[in-house]
Amino acid sequence: MTLKAGQSRLETKYNELKIQTMKQKTGLAAALLMTTLLTTGCGADRNAKDAQAENFQWHIDRFDDINVLRYRVPDFDSLTPRQKQFIYYLGQAALCGRDILYDQNCKYNLPVRRTLEAIYTTYDGDKTTDQWLAFEKYLKKVWFANGVHHHYSGDKFTPEFSAEYFDTLLAATPADKFGDIQGTLLDTVKAVIFDPTIYPKRVDQTAGVDMIAASACNYYNGVTQQEAEAFYTALTDTTDRQPVSYGLNSQLVKGADGKIVERVWSADGMYGPAIREIVKWLERAAAVADTPEQEAYTRTLIDYYKTGDLKRFDDYNVAWVQDTKSTVDYVNGFIENYGDPLGYKASWESTVNFKNLEATKTTQIISDNAQWFEDHSPIDPRYRKPQVKGVSAKVITVAMLGGDCYPATPIGINLPNADWIRRDHGSKSVTIANITAAYDAAAAGNGFAEEFILRPEDRELRAKWGTVGNNLHTDLHECLGHASGQLAEGVRGDELKNYGSTLEEARADLFALYYMNDPKLVELGVIPTLDVAKAEYNNYMMNGLMTQLTRIEPGKNIEEAHMRNRALIAGWVYERGKADRVVEFVTEAGKTYVVVNDYDKLRELFGELLREIQRIKSEGDFKAGMELVERYGVKVDPTLHSEVLKRYAALNIAPYSGFVNPRYVPVLDEAGAMTDVRIEYPTDYVDQMLTYSSEYSFLPNRN
Ligand code: ZN
C-alpha cells in the first residue's frame with residue numbers, strides 16, 4: 001500500500017500519508033522537489049541548531065538522470081550511548097537485506113551486479129575511453145536501482161557501451177573473479193544487459209497482458225497470473241476480520257509435479273542466508289532497545305523472520321504501532337508491495353530513525369489546538385466537526401536506509417499497511433526531516449529561484465522562510481486539513497468518485513493555506529512571523545500556475561490528483577482575484593513570472609474556495625466537483641508549458657536523487673565492549689556500493 005513510481009511518489013510533501021499512500025519514496029532531484037513541494041533554498045530549518053550543515057557537502061555524484069546526495073544525522077550525538085548502540089545494531093540489520101531486493105527485482109540482478117563489479121574492481125586498462133565511462137555509468141545506475149531496471153520508471157537500462165567492448169572486459173578479467181557465473185549463466189547475464197526484448201520492464205501492469213509473464217520481477221516462478229490469483233483467492237476468507245497479508249513474504253512457484261506452492265522468505269527458507277544475518281543483528285538490537293515493549297516486539301519480529309509466520313508479523317505490527325514512546329524506531333521487513341504487479345508480495349526494506357523532538361513540538365501544538373482551527377474555519381458551520389481530533393504525526397531523523405529505501409529514499413512513511421491493523425490500532429505517520437532538509441540544501445543554488453522568481457524580495461523570502469512554510473503547510477495539511485469537516489446526513493463520502501481524491505487534497509491544502517496566514521500561528525509560537533505565509537503563498541501560486549508543468553510531458557494534460565489539486569486552487573484564486581490584481585502573470589524579457597500582490601486578499605480567496613469545496617464534499621455534489629476540477633485542474637496552456645519546459649531544461653537539474661548512508665563506527669573499551677558509536681559521513685558513492693557488496697552480500701547468484 002505504498003505509492004509507486006510514476007505517480008504520486010513524487011508528491012512528497014502534499015501526499016497523503018493517510019488516504020492513499022503509506023509511504024512516499026521520492027527519488028526526486030532536489031530542484032524538482034522545489035517545484036513540486038514549493039520547497040526552498042537554504043533548508044534545514046528543522047535542524048536550525050545543526051550549524052555544521054552550512055558547510056556540509058551535499059552532492060557527491062551525478063550520472064545520467066541521478067544526483068547522489070548525503071544526508072546529515074543532526075542530534076545523533078545527543079543520544080545516549082545505549083541508543084547509539086541500538087542504532088548501530090539496527091543499522092547493520094538494515095544493510096543485510098540488500099541482496100534480497102536485487103533478487104526480488106529480477107532473478108538475474110545479482111549475477112549481473114557481481115559480473116560488473118568483478119570487472120570494475122580488476123580492470124587496469126584505459127579508464128578514460130567513452131566505452132569505459134559508459135560501462136561505469138551503467139554500473140552506477142544498476143547500484144542505484146538495485147538492479148537493471150530504472151528505480152522509478154521500471155524500464156530496463158540501455159547500456160551505452162557495446163557488447164563487443166563488454167567481451168573485451170570479460171576477457172581481461174581473471175575467470176575466477178566471476179565465481180559460478182560461467183557458461184550459460186554468463187551468457188544470460190550478457191543477454192539481460194544487452195537484449196532489449198528480455199525483461200524490458202520490472203513491473204508491467206498493462207491491462208490484458210499476463211502481468212506476471214510481462215514483468216521482470218522475481219515474485220512468481222512458473223505460474224500464470226490466473227493461477228496466482230486463483231491461489232490467493234482460495235486462501236482469502238472474507239469473513240475474517242483480521243486476515244494476515246497473504247502472499248506477502250514468499251515466492252509463488254509451480255513445482256515439477258504441477259503443484260503451486262509458496263517458497264517462504266524466512267531464516268530456513270528462501271533468502272535464508274541474508275535473513276539469518278538480519279536476525280543476528282536484530283537479536284543484539286533487542287537487548288539494548290529503548291523500552292521493554294520495544295524489546296518485546298523486536299523479538300516478535302525475530303520470531304517472524306525465523307518462522308515466516310505472517311500472524312507473527314501482524315503481532316509485531318500491532319505492538320509496534322502502539323509504541324509512541326521510544327525515541328529510536330525502525331522499519332525492517334517485507335513491507336511495500338509496489339514491485340509486484342498483483343500486489344501480494346512485498347519488497348524488503350529498512351529504515352532506522354529517531355524522533356526529532358524539536359520539530360515534533362510544532363505538530364504537537366497544532367494537534368493540541370485542532371478544535372480552535374476547526375471552530376474558526378471559514379466553512380459553513382453545519383459542516384464543521386463538533387469534536388475534532390488532530391492526527392498526531394511525528395517528525396523523525398533517519399539514521400540508516402536499506403533495501404527498497406536506499407539509495408532512493410522516502411521522505412514520509414505511514415505504516416503498517418494491513419487494513420485491519422490500521423482500522424483497529426491506527427498507524428504511525430512520520431515525516432523524515434533530515435532527508436527533506438538535505439533535498440532543500442542541495443537544491444539551493446541550482447538556479448531555479450533565479451530563473452522563475454522575478455522579484456528579489458520574493459527570492460529572499462523563499463531563501464529565508466520557504467522551507468519553514470513548506471513544512472508548516474505539510475503539518476497543517478496532514479494534522480488538521482484531512483481531519484477537518486463533516487458530511488451532511490445521508491452522504492456516504494464516495495459520491496465524488498474519480499474527482500474525490502483531487503478535491504480531498506484541495507480541501508486539505510486550502511485548510512493549510514488559509515491558516516498559514518493567520519496571526520494565531522504566531523500567537524501559538526508555531527512561526528515567528530507571517531512572512532512564512534508570504535513565502536508559501538508565492539511558492540504555491542508559482543507552482544500551481546506554472547512550474548509544476550515541468551513534470552508534464554508536452555501535449556499531455558494534468559492527470560495526477562495532487563497536481564490537479566494545485567492547478568485547481570491556483571487557477572481558481574487567480575481568476576477570482578484577477579480584477580483586483582491579487583495575483584498576476586508578469587512578462588519580462590520574454591519570460592513569464594507569477595507575482596502575488598495582495599496576500600490578505602489571497603487568503604480570503606483561499607477561504608472562499610475552502611468553503612465551496614467543503615460544501616461539495618459534505619453534500620456529495622459530484623457535478624460541482626467535476627466542473628471545478630475539469631475547468632481549473634486538468635488543462636495545460638501549451639505556450640506557457642513549452643516555455644517552462646525550455647527554461648527548466650536549461651538549468652540541467654537531475655530529475656532524481658538518492659543518498660549514501662552515514663557510517664557508524666563502534667567505540668570500544670579495552671575489554672572490547674562497545675561504549676559509544678561514532679558517526680562518519682562518507683563522500684564516495686562507488687566506495688559505499690562496493691563496500692556493501694563485499695560486506696553485506698549473503699545470497700548466492702541463484703535463489
Ligand atoms: Zn493530503
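The values are calculated or read from the model by the stated rules, or taken from the named source; none is laboratory data. Values in this document were obtained by computation on a predicted structure and should not be read as measured data. Cβ sites come from the backbone with ideal geometry, for glycine too, and all protein chains shown count toward neighbours. The accessibility values were calculated without ligands, DNA or RNA, using every heavy atom of the protein model including side chains. Shrake-Rupley method; radii C 1.70, N 1.55, O 1.52, S 1.80 Å.
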Query raised in the report: Across the stretch 69-83, what is the number of residues that are over 19 Å from SER657 (Cβ atoms), assigned to a loop (DSSP other than H, G, I, E, B) and at pLDDT 95 or above?
Result: 2
Query - Enumeration of residues in the stretch 131-149 that are without any contact (Cβ under 8 Å) to a residue 24 or more places away in the chain and not in a helix (DSSP H, G or I) - result: none
**Report entry** Out of THR238, THR184, THR188, THR168, sole residue that is among the β-branched types (Val, Ile, Thr) and not in a helix (DSSP H, G or I)
**Finding:** THR238
Report task. Kindly check whether there is at least one residue in the stretch 84-98 that is modelled with pLDDT under 95 and basic (Lys, Arg). Result -> no
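Residue check: is ASP518 over 23 Å from the mean Cα position of the chain (by Cα), buried (at least 16 other Cβ atoms within 10 Å of the Cβ) and charged (D, E, K, R)?
Here the answer is yes, as ASP518 does meet what is asked.
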**Report entry** Among residues of the stretch 526-559, those that are modelled with pLDDT under 95 and of a type in the set (Lys, Arg), counted
**Finding:** 2
Query raised in the report: Looking at (1) under 25 Å from VAL660 (Cβ atoms); (2) surrounded by fewer than 20 Cβ atoms within 10 Å (Cβ to Cβ), which is the only condition ASN146 fails?
Result: (2)
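Evaluate the following for LEU487: is it more than 25 Å from VAL583 (Cβ to Cβ) and within 16 Å of the ligand (Cβ to nearest atom)?
no
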Query raised in the report: Just checking, how many residues over the stretch 578-613 are without any contact (Cβ under 8 Å) to a residue 40 or more places away in the chain and in contact with a Lys or Arg (Cβ under 9 Å, 6 or more places away or on another chain)?
Result: 6
Query raised in the report: Has the stretch 525-532 got at least one residue that is buried (at least 23 other Cβ atoms within 10 Å of the Cβ) and in contact with a Gly (Cβ under 8 Å, 6 or more places away or on another chain)?
Result: yes
Report summary line: Being of a type in the set (A, V, I, L, M), open to solvent by 20 Å² or more (accessible area, probe 1.4 Å) and in contact (Cβ under 8 Å) with a residue 60 or more places away in the chain narrows ILE421, ILE365, ILE435 down to just ILE365
Requested in this report: Please give the number of the condition ALA567 fails out of (1) touching a Gly at 6+ places or on another chain (Cβ under 7 Å); (2) within 27 Å of TRP372 (Cα to Cα); (3) at pLDDT 90 or above; (4) not polar (S, T, N, Q).
Outcome: (2)
Requested in this report: From ASP458, ASP475, ASP494, grab the single residue that is acidic (Asp, Glu), at pLDDT below 90 and open to solvent by less than 20 Å² (accessible area, probe 1.4 Å).
Outcome: ASP475
Requested in this report: Considering only the stretch 241-262, state which residues are part of a strand (DSSP E or B) and either aliphatic (A, V, I, L, M) or touching a residue at least 40 places away in the same chain (Cβ under 8 Å) (or both).
Outcome: SER250, GLN251, LEU252, VAL253, ILE260, VAL261
Requested in this report: Evaluate the following for THR467: is it within 16 Å of the ligand (Cβ to nearest atom), under 23 Å from the mean Cα position of the chain (by Cα), under 23 Å from VAL594 (Cβ atoms) and among the β-branched types (Val, Ile, Thr)?
Outcome: no
Query - Sole exception among (1) among the small types (Gly, Ala, Ser); (2) modelled with pLDDT under 50; (3) buried (at least 22 other Cβ atoms within 10 Å of the Cβ); (4) closer than 30 Å to PRO273 by Cα for ALA30, by number - result: (4)
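Here is a yes/no grid of residues against (1) assigned to a helix (DSSP H, G or I); (2) open to solvent by less than 10 Å² (accessible area, probe 1.4 Å); (3) over 30 Å from PHE178 (Cβ atoms):
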| site | (1), (2), (3) |
| --- | --- |
| SER618 | yes, yes, yes |
| GLU627 | yes, no, yes |
| ARG631 | yes, no, yes |
| LEU640 | yes, no, yes |
| TYR664 | no, no, yes |
| ASP676 | no, no, yes |
| TYR692 | yes, no, no |
| PHE698 | no, no, no |
Query raised in the report: Inside the stretch 504-524, can you point out the residues that are modelled with pLDDT of 95 or more and either within 16 Å of the ligand (Cβ to nearest atom) or over 20 Å from PRO378 (Cβ atoms) (or both)?
Result: ALA506, ARG507, ASP509, LEU510, PHE511, ALA512, LEU513, TYR514, TYR515, MET516
Requested in this report: Could you please give the count of residues in the stretch 305-321 that are without any contact (Cβ under 8 Å) to a residue 24 or more places away in the chain and either more than 21 Å from ARG241 (Cα to Cα) or open to solvent by 30 Å² or more (accessible area, probe 1.4 Å) (or both)?
Outcome: 3
Query raised in the report: Which condition number in (1) open to solvent by 30 Å² or more (accessible area, probe 1.4 Å); (2) touching a Ser or Thr at 6+ places or on another chain (Cβ under 8 Å) is the one that ILE66 fails?
Result: (1)
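For the stretch 191-215, enumerate the residues that are over 27 Å from TRP132 (Cα atoms) and either in a loop (DSSP other than H, G, I, E, B) or open to solvent by 60 Å² or more (accessible area, probe 1.4 Å) (or both).
Across the stretch 191-215, the qualifying residues are VAL203, ASP204, GLN205, THR206, ALA207, GLY208, VAL209, ASP210, ALA213, SER215.
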Query raised in the report: Restricting attention to the stretch 533-565, which residues are assigned to a helix (DSSP H, G or I), farther than 20 Å from GLU460 by Cα and open to solvent by 30 Å² or more (accessible area, probe 1.4 Å)?
Result: ARG551, ARG564
Requested in this report: Taking GLU451 as meeting all but one of (1) within 21 Å of the chain's Cα centre (by Cα); (2) touching a residue at least 40 places away in the same chain (Cβ under 8 Å), write down the number of the exception.
Outcome: (1)
